[in-house]
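Written out below as structure tokens is the structure these notes cover.
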Amino acid sequence: MTKEVTKAIFPVAGMGTRFLPATKSVPKEIMTLVDRPLIQYAIDEARAAGIKEFIFVTSRGKGALEDYFDHAPQLEQELKKKNKNKLLEVLETTNMESGAIAYIRQHKALGLGHAVWCARRLIADEPFAVILPDDVIAAEKPCLQQMVEAYAETGGNMVAAMEVAPEQTSSYGVLDICEETDPLVKVQGMIEKPDAEDAPSNLAVIGRYILSPSVLENLNHIQSGSGGEIQLTDAIARDIELADNVYGYRFRGQRFDCGSKSGFLQATVAFGLARPELRDDLMGYLQSVTQTDV
Ligand code: G1P
């Protein structure tokens, strides 16, 4: 029997420089797809997967995230007075049970592995999920839920996996696979951001992980790797040597790279089109601009 996964880490310490000047005063994770911040998509996905404790690894300037998940009594009272029940319901999705959310600061930008390691005392000896909010995944069954179900059978460590163009491997953790029983792949090696000629495959890690606490122990010993940073990929790869229990999971769904402007815009269009009240208007506009030269 595998232990239930009830804790998730959200690394949100990055400065979001690709979105300057917006990110000068707004955390990247608060930027909205239609009307919901990126972080809300991540939280909803975690809840759907059964996560009960939410651990944010933050940095200076991320206070807006804490406010976002706080109750807003004045606003709620105003809406109640005006009988705006639909809006009150919308606000409810941003409320967290007391004590369900924790914030830890990553004092130095030493990489994703280091960010996850900063949360080690809150994880202790349990499996845990990691969600990178930049990777937004539209799916009928939310991606982490798909993974939690598969993990109940495999245990060990599991990373979301997706094929990318061979020339893009240098932007991802890449899997070296030895066995495949779709949607699961058994992993025999992982490399962070290899050049195309060094990549063992074009199966890339996407920002959803279910990890065993041994990865946190590995992080105690990991030296800085790709880009001079302490890489989560390297700490997971160490578990292949120690326990041979790392799996990739080819999730069903469409992933948007909201860490890039183009990916963010694509996600905005996709999530806009998915909203019945916006669809016709937006579709009409898209058709009009694709018929004429912009
Ligand atoms: C991180 C991980 C990388 C993974 C990617 C997915 O990289 O280090 O292994 O493939 O997320 O989005 P980053 O995009 O933060 O550089």
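The values are calculated or read from the model by the stated rules, or taken from the named source; none is laboratory data. Worth saying up front: this structure is predicted, and the values here are computed from it rather than measured. Every residue, glycine as well, gets a Cβ built from its backbone with ideal geometry; the counts of neighbours run over all protein chains shown. Heads up: the accessible areas ignore ligands, DNA and RNA and are worked out on the full protein's heavy atoms, side chains in. Shrake-Rupley method; radii C 1.70, N 1.55, O 1.52, S 1.80 Å.
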- Expressed in nanometres to one decimal, the distance between label points 7 Å along Cα→Cβ at A102 and Y285 is 4.2
- Message: From the protein chains alone at 1.4 Å, what is the descending order of accessible area for H71, H221, H107, largest first?
- Response: H107, H221, H71
- Task: Write down the accessible area per residue of region 26-73 in Å², having rolled a 1.4 Å probe over the full set of protein chains.
- Result: 39
- Task: Assign one of three labels to region 1-114, namely rounded, prolate or oblate, based on the Cα gyration tensor with a ≥ b ≥ c the square roots of its eigenvalues; rounded applies when a/c is under 1.5, prolate when it is not and a/b is larger than b/c, and oblate otherwise.
- Result: oblate
- Item | Accessible surface of V215 - all protein chains present, 1.4 Å probe, nearest 10 Å² | 0
- Query: Once a ≥ b ≥ c are taken as the square roots of the eigenvalues of the Cα gyration tensor of region 26-78, is the result rounded (a/c under 1.5), prolate (a/b larger than b/c) or oblate (a/b not larger than b/c)?
  - Reply: rounded
- Residues whose modelled amide H sits under 5 Å from the amide H of Q188, counting only those 5 or more places away in sequence or on another chain, are D176, I177, C178
- Task: With a cut-off of 16 Å, note down the residues of region 248-277 whose backbone N falls inside the zone around a label point 7 Å from the Cα of L20 toward its beta carbon.
- Result: 261
- Apply the Karplus parameterisation 6.51 cos²θ - 1.76 cosθ + 1.60, with θ equal to phi minus 60°, to every residue of region 123-140 and state each ³J(HN,Hα) to the nearest whole Hz, in sequence, with x for glycine and proline. 8, 6, 10, 10, x, 8, 9, 10, 10, 9, x, 5, 8, 9, 10, 8, 7, 4
- Would you calculate, for the chain, the mean residue ellipticity at 222 nm contributed by helices, counting each DSSP H stretch of 4 or more residues as -39,500 (n - 2.57) and dividing by all residues, to the nearest 500? -10000 deg cm²/dmol
- Note on the structure: Whole-percent carbon and sulfur contribution to the accessible surface of region 164-217 (1.4 Å, no ligands, DNA or RNA) stands at 44
- Query: Hey, how many Å between the Cα centroid of region 124-157 and the Cα centroid of region 93-112?
  - Reply: 18
- Using the Karplus curve 6.51 cos²θ - 1.76 cosθ + 1.60 with θ = phi - 60°, work out ³J(HN,Hα) for each residue of region 241-250 in order, rounded to whole Hz, and write x for Gly and Pro. 5, 7, 9, 6, 9, 10, 10, x, 10, 6
- Task: Evaluate the charge dipole of region 102-244 about its Cα centre and quote only its size in Debye, nearest 20, assuming +1 on the Cβ of each Lys and Arg and -1 on the Cβ of each Asp and Glu.
- Result: 780
- Cross-link reach list, lysines versus K62, counting only Cα pairs under 26 Å and skipping chain neighbours closer than eight places: K7, K24, K28, K52, K108, K261
- Can you run phi through the Karplus equation (6.51, -1.76, 1.60; θ = phi - 60°) for region 276-290 and list ³J(HN,Hα) in whole Hz, with x for Gly and Pro? x, 6, 10, 3, 4, 4, 5, 4, x, 5, 4, 5, 5, 7, 7
- Query: F54: accessible area at probe 1.4 Å, nearest 10 Å²?
  - Reply: 10
- Kindly report the accessible area of region 202-264 per residue (heavy atoms of protein chains, probe 1.4 Å, no ligands, DNA or RNA), in Å². 39
- Query: When the accessible area of region 111-161 is split by element with a 1.4 Å probe, what percent falls to carbon and sulfur?
  - Reply: 49
- Note on the structure: Computed for region 1-104: size of charge dipole around the Cα centre, +1 on C-beta of each Lys and Arg, -1 on C-beta of each Asp and Glu, debye to nearest 20, value 260
